[in-house]
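Have a look at the structure below, then the notes.
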Amino acid sequence: MFTGIIETLGVIQEIKKEKNNVHITINASITSELKIDQSVAHNGVCLTVVAINDTFYTVTAIDETIKKTNLSDWKVGDSINLERAMKLGDRLDGHIVQGHVDQTGTCITAEQTNGSWLYTFEYEENWNNITIEKGSITVNGVSLTVVNSKKNQFSVAIIPYTYEHTNFKTFEVGTKINLEFDVIGKYVSRLYANK
């Protein structure tokens, strides 16, 4: 379980393919605090730490994860949003995030708006995945508030702090991103569809 509040950025050092699996080695400031078998969200994708070496750690993604996320686009040198699992009793500063990416989306506009940034994303139609105005959405692991909710499209406004401390600053038109829709909204959508 995560909150969508990014702790730090990690940099991909190595990507190795082994059959259908991909092993990703990341250099991050939080590595010394990690343990083998710990869950960490990487651009919103919950992956398990399988090895630690100095300031580097390695995670493994299986085929199902690769198919549902933007992981196949990752390259050595890319910056990745990182968040460790939340602790019971901590404040929930973002919203309830599972680290289970529902689908990918694409950035269709990225504009600076007098001190902040407005990004609009589009995603393929899926009856279970919806946004609502002022509802929660996770984009590359970042907990955000939806604005301009439309069918298969929504926008988010980014403050300077979030822009500087996440990989939002690398987004441009055409960038593929990971989306995790609000878990409560998904349950309500499923219940409604089953009526």
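The values are calculated or read from the model by the stated rules, or taken from the named source; none is laboratory data. Computed from a prediction, not measured in an experiment: that's the story for all the values here. In this analysis, Cβ positions are derived from the backbone assuming ideal geometry, glycine residues included, and neighbour counts consider all displayed protein chains. Areas reflect the complete protein model, heavy atoms only, side chains present, ligands, DNA and RNA absent. Shrake-Rupley method; radii C 1.70, N 1.55, O 1.52, S 1.80 Å.
Tabulated results
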item	result
Elements of type strands (runs of 3 or more DSSP E) contained in the range 1-45, each with 1 or more residues being open to solvent by 50 Å² or more (accessible area, probe 1.4 Å) and without any contact (Cβ under 8 Å) to a residue 40 or more places away in the chain	8-18, 21-27
Leading residue by the ranking (nearest to Thr166 (Cα to Cα)) among those in the range 80-119 that are in contact with a Lys or Arg (Cβ under 9 Å, 6 or more places away or on another chain) and open to solvent by less than 50 Å² (accessible area, probe 1.4 Å)	Trp117
Residue within the range 109-121 that is at pLDDT 95 or above, assigned to a strand (DSSP E or B), among the aromatic types (Phe, Trp, Tyr) and within 26 Å of Glu64 (Cα to Cα) present	yes
Close pairs from the range 134-161: first under 24 Å from Cys46 (Cα atoms), partner part of a helix (DSSP H, G or I) and modelled with pLDDT under 95, Cβ under 7 Å, at least 6 apart	Gly135/Gly185
Looking only at the range 71-107, and only at residues there that are hydroxyl-bearing (Ser, Thr, Tyr) and over 11 Å from the mean Cα position of the chain (by Cα), the one that is nearest to Gly4 (Cα to Cα)	Ser79
Scan of the range 122-138 for residues that are part of a loop (DSSP other than H, G, I, E, B) and either aliphatic (A, V, I, L, M) or surrounded by fewer than 20 Cβ atoms within 10 Å (Cβ to Cβ) (or both), ordered by number	Glu124, Glu125, Asn126, Trp127, Asn128, Ile130, Ile132, Glu133, Lys134, Gly135
Where a residue in the range 54-67 is touching a residue at least 40 places away in the same chain (Cβ under 8 Å) and its partner, wherever it lies, is in a helix (DSSP H, G or I) and of a type in the set (S, T, N, Q), with Cβ under 6 Å and at least six apart	Ile66/Ser72
So Phe168, is it of a type in the set (Phe, Trp, Tyr), in contact with an Asp or Glu (Cβ under 6 Å, 6 or more places away or on another chain) and surrounded by 12 or more Cβ atoms within 10 Å (Cβ to Cβ)	no
Conditions (1) under 23 Å from Met86 (Cβ atoms); (2) open to solvent by 90 Å² or more (accessible area, probe 1.4 Å); (3) modelled with pLDDT under 90; number of the one not met by Asp182	(2)
